[in-house]
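So the structure is just underneath, and the comments pick up after that.
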Amino acid sequence: MSPRRRAAIVGVAESEVGKTPHLTVLSQQARASRAALAEAGLGPADVNALFVAGNWSWAPALTLAEYLGLRPDYLDGTNIGGSSFEAHVGHAAAAIEAGVIDVALITYGSTQRSNRSRGAARPPATLTEQFDRPFGLPQPVGAYALAANRYLHQYGATGEQLAEVAVSARRWAALNPDAYYRDPITVDDVLDSPMISEPLHLLDCCLVTDGGGAVVVAAEDRWADLGTHPVEVLGHGETTTHSSIAQMPDLTVTGAARSGPTAMRMAGITHDDLDLLEIYDSFTITVLLTLESLGLCKPGEAGEFVAHGRTAPGGEMPMNTNGGGLSYTHPGMYGIFLLIEATRQLRHDFVSDPDRQVDGARLALVHGTGGVLSSASTVVLGRS
Amino acid sequence: MADLASDAETQPFWDGIAAGELRLQRCRDCARAVFYPRALCPHCFGDRLDWFTSPGTGTVYSYTVAHRAFSPSAGTPPYTVALIDLDEGVRMMSRIVGGGRVRIGDRVELEITRLGGEGSPTLPCFRVRETA
């Protein structure tokens, strides 16, 4: 086997997250991009590939490249929902391995929180949506609720087990000064919060925030000159199973069952090697289904996997260490924030805060979910 | 139909609903039923699809009771949206009408109705026939 030209994440940054009415999707991405490049010691002239996902322009990569003054020779506008950015990292690593690009900039920005007051009339449902939308399923929460009810029915799992995911996320958020919600919550708080779409309560659901992020991926020839400890892209896998939840083959098995093993095989590691997990938590059920589909536990056993604080601070399998989409931030497509947090943990950025830093972290699994459990993209990252 | 826009490919389905029938496609090559309507069989890629009328019986695969409004034509929450496994082997999103508690595994039958009153689309919904 010929050695691969290796790729690593060398810079990460968020823009302001939370409520940012003074920012646009473009200024958010500009701020995050500048900060992520600066951290690496790179500038716009170093970037020869741009990766963007969003629905704010008919061609977001073109709009953003012009706004930033970039003229990249490689563009990727892959949009598979919240897992787009894990896919972008995989695509960037493949392009680096092939020698096509040297430095990739991956960005995301959203003003969904500030936009909320503008209640625009929805256009009629066309194409495949005409068999989905007229029935009034609240989206996306209703789709995840359908999966949750099926999961509870099939395995005798409980709302308490779903709630544990939110409780652990909040415990991590308490350690993150940038998290949107930091006050502790209990399982009862989750179960007592308003019902949105049965069986999911308000606190089973992710936040609705503004925000943006950027990730810089560079070829190994550049690492020596850079200002950060490179975090190597060791493996990647992606897939899709459906678009509408009505067409999901099995509501308890996600595409992670394919993307996860692909990424692990490429990285040449087993689950026992992992030091931390960053698992897309759009809803509490998303995490339970993903853990099982990835094979981290058996079907029906994810509730036990997350019980007793096992994934919370101090637990044996730290997960969603920034507070996640449930408590830190969730500007529509959360996947870029999983990569940012995993990178910081593997660089040991939080050494001055031992509760927040996963001690000696060397290997992380990052898993994005997009649409309504529709797309899955897994990345294995390692401290080189 | 305020909330949905049919097209040349799906018009036979909606014409069927207007006539009180649930019309599905079946692939002439692999004999499997296909829903939603399309030009190619998603099972075998065959392009010879025939329409037939389903008796409209099936089983609840999953459901949720929505407590938040989604669109005015969808009616006033709480209401039950369900995934129905039709006996022909296809799954569709729908609504459970007629009241009562729904369970996964319930047997259901077609009831074509409007969800949002006059002017809202006529939709293939289901009512519980036999509780699991």
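Taking the criterion of being touching a His at 6+ places or on another chain (Cβ under 9 Å) and either in contact (Cβ under 8 Å) with a residue 12 or more places away in the chain or within 14 Å of chain B (Cβ to nearest Cβ) (or both), the residues of the range A:170-204 that qualify are A:Y180, A:V190, A:L191, A:S193, A:P194, A:M195, A:I196, A:S197, A:E198. Go through the residues of the range B:38-45 one by one and say whether even a single one is modelled with pLDDT of 95 or more and touching a Ser or Thr at 6+ places or on another chain (Cβ under 8 Å). No, every residue in the range B:38-45 fails to be modelled with pLDDT of 95 or more and touching a Ser or Thr at 6+ places or on another chain (Cβ under 8 Å).
Look at (1) crowded, with 22+ Cβ neighbours inside 10 Å; (2) at the interface with chain B (Cβ under 9 Å from one of its Cβ atoms); (3) without any contact (Cβ under 8 Å) to a residue 60 or more places away in the chain; (4) on the phi < 0 side of the Ramachandran plot and you find that A:G136 fails only one, number (4). When A:T286, A:T329, A:T321 are checked against the criterion of being more than 22 Å from A:L191 (Cα to Cα), open to solvent by less than 20 Å² (accessible area, probe 1.4 Å) and touching a residue at least 40 places away in the same chain (Cβ under 8 Å), a single residue qualifies: A:T321. The single condition from (1) farther than 30 Å from B:R101 by Cβ; (2) modelled with pLDDT of 95 or more; (3) within 14 Å of chain B (Cβ to nearest Cβ) that A:A143 fails is (1). Number of residues in the range B:1-26 that are facing chain A (nearest Cβ under 9 Å), free of Cβ contacts under 8 Å to residues at least 40 places away in the same chain, open to solvent by less than 40 Å² (accessible area, probe 1.4 Å) and not aromatic (F, W, Y): the value is 2. Are any residues in the range A:45-67 part of a helix (DSSP H, G or I) and under 19 Å from A:E14 (Cβ atoms), and if so, which ones? The answer is A:P60, A:L64, A:Y67. Considering every residue within the range A:146-166, establish whether at least one is open to solvent by 60 Å² or more (accessible area, probe 1.4 Å) and under 25 Å from A:V17 (Cα atoms). The answer is no; no qualifying residue exists. For the range A:207-225, the count of residues that are among the acidic types (D, E), over 23 Å from the mean Cα position of the chain (by Cα) and farther than 23 Å from A:F85 by Cβ is at least one. Just one of the numbered conditions (1) within 8 Å of chain B (Cβ to nearest Cβ); (2) touching a residue at least 60 places away in the same chain (Cβ under 8 Å); (3) within 30 Å of A:P299 (Cα to Cα); (4) not in a loop (DSSP other than H, G, I, E, B) is not true of A:H153: (2). Out of all the residues in the range A:97-136, which are modelled with pLDDT of 95 or more, assigned to a strand (DSSP E or B) and closer than 26 Å to B:T64 by Cα? Listed by number, the list is empty, since nothing qualifies. Within the set B:G89, B:G116, B:G56, the sole residue that is of a type in the set (G, A, S), within 30 Å of A:S193 (Cβ to Cβ) and open to solvent by less than 70 Å² (accessible area, probe 1.4 Å) turns out to be B:G116.
For every residue, the table says whether it meets (1) open to solvent by less than 20 Å² (accessible area, probe 1.4 Å); (2) more than 30 Å from B:D3 (Cα to Cα).
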residue: A:R71; (1), (2): no, yes
residue: A:G77; (1), (2): no, no
residue: A:G90; (1), (2): yes, yes
residue: A:V100; (1), (2): no, yes
residue: A:V103; (1), (2): yes, yes
residue: A:G109; (1), (2): yes, no
residue: A:R113; (1), (2): no, no
residue: A:T126; (1), (2): no, no
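Taking the criterion of being more than 30 Å from A:P21 (Cβ to Cβ), assigned to a loop (DSSP other than H, G, I, E, B) and open to solvent by 60 Å² or more (accessible area, probe 1.4 Å), the residues of the range A:180-235 that qualify are A:T186, A:G227, A:H229.
The values are calculated or read from the model by the stated rules, or taken from the named source; none is laboratory data. The structure presented is a predicted model; accordingly, all values stated were derived computationally and were not measured. We place every Cβ from the backbone using ideal geometry, glycine too, and count neighbours over all the protein chains shown. All accessible areas refer to the heavy atoms of the entire protein, side chains included, with ligands and DNA or RNA removed. Shrake-Rupley method; radii C 1.70, N 1.55, O 1.52, S 1.80 Å.
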